[in-house]
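Let me begin by presenting the structure, written as structure tokens, before commenting on it.
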């Protein structure tokens, strides 16, 4: 069995002077990422690989999770397709993961990460909230065995609502 953790980046601010790609986490987003990294650790899972969109807000979210897990930011693999791709792109990334990786964590964006979660699980997941974390278990020994409807959604964690 393989375990895939999907994380939607935490809340980001809008900067009229910058591009969408360069948007950073807002104060709320930093709090969300810290909260969710802690709640993720309570699940007792240690990913073998963290993969992030290179967009700043996703990489910052991945960095907060890495810090809480005691992992170096240099070990976060950046995949441009997570930012600009579609379900087929995400599926290609997952199906291409090395055999020795048992648990992988992907930090991405809506709507693609939510659509992929529904596609892979065969369930309507809906729109993942900013900062939310979804665990999917995939049967089979190889990542290349991943297929539409073949994953099982085990749990879904959302940040507590903040005013």
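The values are calculated or read from the model by the stated rules, or taken from the named source; none is laboratory data. Quick caveat, the model's predicted, so the values are computed rather than measured. Ideal geometry is used to build each Cβ from the backbone, glycine not excepted, and the neighbour counts take in all protein chains shown.
Structure values in brief
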quantity	calculated
Residue that is nearest to the chain's Cα centre (by Cα), among those in segment 63-109 that are assigned to a loop (DSSP other than H, G, I, E, B) and within 21 Å of residue 119 (Cα to Cα)	109
Long-range neighbours under 8 Å by Cβ, at least six apart or interchain, first residue under 18 Å from residue 125 (Cα atoms) within segment 138-162, second exposed (fewer than 12 other Cβ atoms within 10 Å of the Cβ) and modelled with pLDDT of 95 or more	138/1
Looking only at segment 21-37, and only at residues there that are under 21 Å from residue 136 (Cβ atoms) and touching a helix residue (DSSP H, G or I) at 6+ places or on another chain (Cβ under 7 Å), the one that is surrounded by the most Cβ atoms within 10 Å (Cβ to Cβ)	33
Count of segment 6-20 residues which are surrounded by fewer than 23 Cβ atoms within 10 Å (Cβ to Cβ) and in contact with a strand residue (DSSP E or B) (Cβ under 8 Å, 6 or more places away or on another chain)	3
Only one of 108, 70, 131, 140 that is surrounded by 13 or more Cβ atoms within 10 Å (Cβ to Cβ) and on the phi > 0 side of the Ramachandran plot	131
